[in-house]
Amino acid sequence: MQRHVLRQPKELIVIKSNHKSMSYRFSSFQPRREEIKGKAVILATGGFSADRSEDGSLLKEYASDKLKLPTTNGPFATGDGIKMARAMGAGVIGMKDVQVHPTSFIDPKNPADTTKFLAAEALRGKGAILVNEKGERFGNELGRRDYLTAKIYKHCGVSEESDNHHIAFMLMNDKAADSFGRPAFNFYANIKGFFKKFDNAKLASEYMKAPFEIFKSTLLNYNEYVAKADAGEKVKDKFEKITFPVAFNPEEPIYVAQITPALHFTQGGLKIDRQAFVYSEFMEKPFKGLLAAGEVTGGVHGKNRLAGNSLLECVVFGRIAGRNAAQINYHNEHDEL
């Protein structure tokens, strides 16, 4: 089976199919069109978290309330595969389910940039805590993405220089950075410049414009839970957090980064069956030669995807789609795609 990988096609038109081949035409950014014959098309073009196009924006159509949010996706995430398949009559599912990640870094060099760098959950898992401009914690740092996003919207102020997005401060110290891994942390702190280092909590509070006594009290209160947990006690704070990796000594260095919620993953997309075949809305059955895998598809994760599961989805449905595409046979010239 000959493979053709089309990178960033803008148009896909199925012409015909018969027992030997399926013919389709695509156009790319270059002013040309090509027709390729094959048994199947597998769409793996990703989601639409960056689709702010003036004409035909999927975000505007399905999640207009999130249109102004930044995204952790690059400008390529415009839902082209979904749009192409819809033009052929493909069904979609879950399109309003757009996941917002609570922690994306604000780049001090370009705070209003609409594309953000993800501040992964592992940072908080290794001990990072979040505070607002008052110097107060406002939620369980290890809570679900939708939970923590809602907490940031409710308890954190907006920043004009960051395009009026809600801002929280992520705090780490040397112990948390070591636990996370120095090479990875240094990439965030030194190469990307997301974290600023301060010699103590007093200087950190001045940077955050938070009252020092309140900020210091926040750290000392948090440290009490760390001490009890280290002593083997089962503890739970007022946010129902039960894991407390590291304590923050107000007299020791603290690293501070600004974070904000950002569009991260579009759970909606093309409707597929268990064999990765795209469902035809008009024929009320799957297309025979059109398959899809990854974020271009919808319905796999429900309304709130767990971290890491999208990679699993790509592997599982990618293998299924590839295997089934290779096994397709057209028995007569009237077979439909």
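The values are calculated or read from the model by the stated rules, or taken from the named source; none is laboratory data. If you're wondering where the values come from, they're calculated on a predicted model, not measured in any experiment. No Cβ is skipped: glycine too gets one built from the backbone with ideal geometry, and neighbour counts run over all protein chains shown. Side chains are part of the model used for accessible areas, which takes the heavy atoms of the whole protein and leaves out ligands, DNA and RNA. Shrake-Rupley method; radii C 1.70, N 1.55, O 1.52, S 1.80 Å.
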Measure off 7 Å from each Cα along the Cα-to-Cβ vector at Phe282 and Arg323, then give the distance between these two points in nanometres to one decimal. 3.2
With all protein chains present, calculate the accessible area of His155 using a 1.4 Å probe and round the result to the nearest 10 Å². 70
How large is Rg/Rh for segment 51-162, to two decimals, with Cα atoms and a Kirkwood Rh? 1.02
With a 1.4 Å probe and all protein chains kept in place, how much accessible area does Lys175 have, in Å² rounded to the nearest 10? 120
Lys209 to Ala122: extension gain in nm, 0.36 nm per residue of separation minus the Cα-Cα distance? 28.6 nm
For segment 177-292, what is the accessible area per residue in Å², given a 1.4 Å probe and the full set of protein chains? 51
Order the following by accessible area, largest value first: Glu160, Glu251, Glu313. Probe radius 1.4 Å; ligands, DNA and RNA are ignored. Glu160, Glu251, Glu313
If each residue of separation counts as 0.36 nm, what is the full-extension length gain between Val316 and Arg86 once their alpha-carbon separation is subtracted? 80.4 nm
Magnitude of the charge dipole, segment 94-143, Cβ model with Lys/Arg +1 and Asp/Glu -1, debye to 20: 60
With label points built 7 Å along Cα→Cβ from the Cα atoms of Asp273 and Thr243, find their separation and express it in nm. 4.0
Would you compute, for the Cα atoms of segment 144-241, the largest minus smallest coordinate along each principal axis and list the three values in descending order, in whole Å? 44, 34, 30
Fully extended contour minus Cα-Cα distance, from Asn190 to Asp65, at 0.36 nm per residue: 41.5 nm
Suppose all protein chains stay in the model; what accessible area per residue would a 1.4 Å probe give for segment 105-169, in Å²? 44
Among Gly74, Gly125, Gly157, whose Cα sits farthest toward the positive end of the charge dipole of segment 42-164 (+1 at Cβ of Lys/Arg, -1 at Cβ of Asp/Glu, about the Cα centre)? Gly125
Cα extents of segment 223-326 along the three principal axes, largest first, in whole Å? 66, 30, 25
